[in-house]
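Down below is the structure, laid out as structure tokens.
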Amino acid sequence: MVYNEIESAKREELEELELKRLQSTVERVYSLSTFYKEKFDELGITPKDITSLEDIKKLPFTTKKDLRAHYPFGLFTVPMSEVARIHSSSGTTGKPTVVGYTKSDMDVWDEVMARVFTLAGATSKDIVHNAYGYGLFTGGLGFHNGAEKIGAAIVPASAGMTDRQLMLMRDFGASILASTPTFALHMAEVAQKAGSDYLSHYKLKAGIFGAEPTSKGLKKEVSNAWGIDYHEVYGLSEIIGPGVAANCKESDLLHVFEDHFFVEIINPQTGESLPDGQRGELVITPLTKQALPLIRYRTGDITSITKEPCKCGRTLLRMESIVGRVDDMLIISGVNVYPSQIEHVIANTEGVTLNYQIIVDKHGHLDKLEIHIEVSDEIMTDSLGQMGALKKEIQHALLNNLYINAHVVLVQPRSIERSMGKAVRIIDKRKEQ
Ligand SMILES: [Zn+2]
């Protein structure tokens, strides 16, 4: 079941709508935003130059820096009398990123979140327990309004107070959980203390998780701990908040609500567009935003997209779970490598722990990659022969999956230096030379 027919429209129909909306967004920023007017003029382009979706490549990028430079409302294209809501990022460094919504922006947000709930199988009969934080962070209210829109009963629990959350979920019979994956896991651990049959006290059938990077392993853990379907939602406040994309029951890939958010994948170094299936930086142009329309916003998130049809009947293109951040990317002998991909290989190997360290160095002109991994306690007591096989297995997996030649060093449990409880993940010695 789709929430809106457009989700399963013919691709030509969808793309026709996208082009019309892109053109009106470009008109909008060109006539209402000095920032964009200047950028367009510099490049010698006007809204008339956008005659196909391909033409989006002619347009300039927008970055988080641009938003910060125009703090707080400099990029808004409506007067304050038309702004209905203001949210902001936590801003751990410097000024936060401020975003605004008109009434019509809020309607779009509610609608895409209603689509997310529908993707997860939620209906008006469900009780939604919302453990996302309410406040300036878009998570709490984003989920809240989407659940209301489909007519579900929403419990605005907000973050924190685990014991009380568990009591409410149990007593109210919540069927859908909305939270970060790590909080869901934490709640399961606390619930488990009450007895191994804890699951019999809860009625959860699905969870909608986001706002954190997630590995396949973590998804599985959360799904098993609660005995539920795991649905992932992707979003960012600069674009709308949660509700840019989410996965259906048929696939792990996330359907992008592209009638509102046009997505591209680019090479983060050159800015060139990459074909479907290739990993690169996700760039999003909201197509219907009124208060804060952004052109080609660089998310810094690494993923890939596909237009392959999905079994669920939706024609919306799909993206994979974010595999890493542009800032974390390592270039080793010309190959782009994300620490999360290396972690994935380690997580899928028996006998080693997730305490590892990636050391990149130069050997003459060549890059040299060394990965130190702590083995598990059981392995240490075994023969050295097994260690050799294990080391080869990991090196082989890295070469086959990531095309990287790494030298793996297996080390004793708890021997990698910790800083604030965490192992230092990456040491790039090339930068020190
Ligand atoms: Zn699908």
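The values are calculated or read from the model by the stated rules, or taken from the named source; none is laboratory data. Since this is a predicted model, take the numbers as computed values, not measurements. Using ideal geometry, Cβ is built from the backbone for each residue, glycine included, and neighbour counts are taken over all protein chains shown. Heavy atoms of the whole protein, side chains included, go into the accessibility calculation; ligands, DNA and RNA do not. Shrake-Rupley method; radii C 1.70, N 1.55, O 1.52, S 1.80 Å.
Yes/no per residue for (1) touching a Gly at 6+ places or on another chain (Cβ under 6 Å); (2) within 30 Å of K203 (Cα to Cα); (3) open to solvent by 20 Å² or more (accessible area, probe 1.4 Å); (4) not basic (K, R):
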{"site": "S33", "(1), (2), (3), (4)": "no, no, no, yes"}
{"site": "K39", "(1), (2), (3), (4)": "no, no, yes, no"}
{"site": "I50", "(1), (2), (3), (4)": "no, no, no, yes"}
{"site": "K57", "(1), (2), (3), (4)": "no, no, yes, no"}
{"site": "F61", "(1), (2), (3), (4)": "no, no, yes, yes"}
{"site": "A84", "(1), (2), (3), (4)": "no, no, yes, yes"}
{"site": "D107", "(1), (2), (3), (4)": "no, no, yes, yes"}
{"site": "M113", "(1), (2), (3), (4)": "yes, yes, no, yes"}
{"site": "T123", "(1), (2), (3), (4)": "no, yes, yes, yes"}
For V233, indicate whether it is away from the ligand (no atom under 16 Å from the Cβ) and of a type in the set (V, I, T).
no
Residues D171, D163, D66: which one is in contact with a helix residue (DSSP H, G or I) (Cβ under 9 Å, 6 or more places away or on another chain) and surrounded by fewer than 17 Cβ atoms within 10 Å (Cβ to Cβ)?
D163
Positions within the range 215-229 being open to solvent by 20 Å² or more (accessible area, probe 1.4 Å) and in contact with a Pro (Cβ under 8 Å, 6 or more places away or on another chain), in sequence order:
L218, K219
Which of the residues belonging to the range 33-75 are within 25 Å of the chain's Cα centre (by Cα), among the hydrophobic types (A, V, I, L, M, F, W, C) and under 17 Å from P286 (Cβ atoms)?
L53, I56, L59, F61, L67, L75
Just to be sure, is T285 open to solvent by less than 10 Å² (accessible area, probe 1.4 Å), within 12 Å of the chain's Cα centre (by Cα) and of a type in the set (S, T, N, Q)?
no
Here's a check for you: in the range 86-105, which residue that is free of Cβ contacts under 8 Å to residues at least 60 places away in the same chain and either in contact with a strand residue (DSSP E or B) (Cβ under 6 Å, 6 or more places away or on another chain) or closer than 20 Å to V155 by Cα (or both) is surrounded by the fewest Cβ atoms within 10 Å (Cβ to Cβ)?
K103
Step by step: first the residues of the range 329-363, then only those that are within 15 Å of V424 (Cβ to Cβ), open to solvent by less than 30 Å² (accessible area, probe 1.4 Å) and of a type outside the set (A, V, I, L, M, F, W, C), then the one that is nearest to the chain's Cα centre (by Cα). Which residue is that?
P339
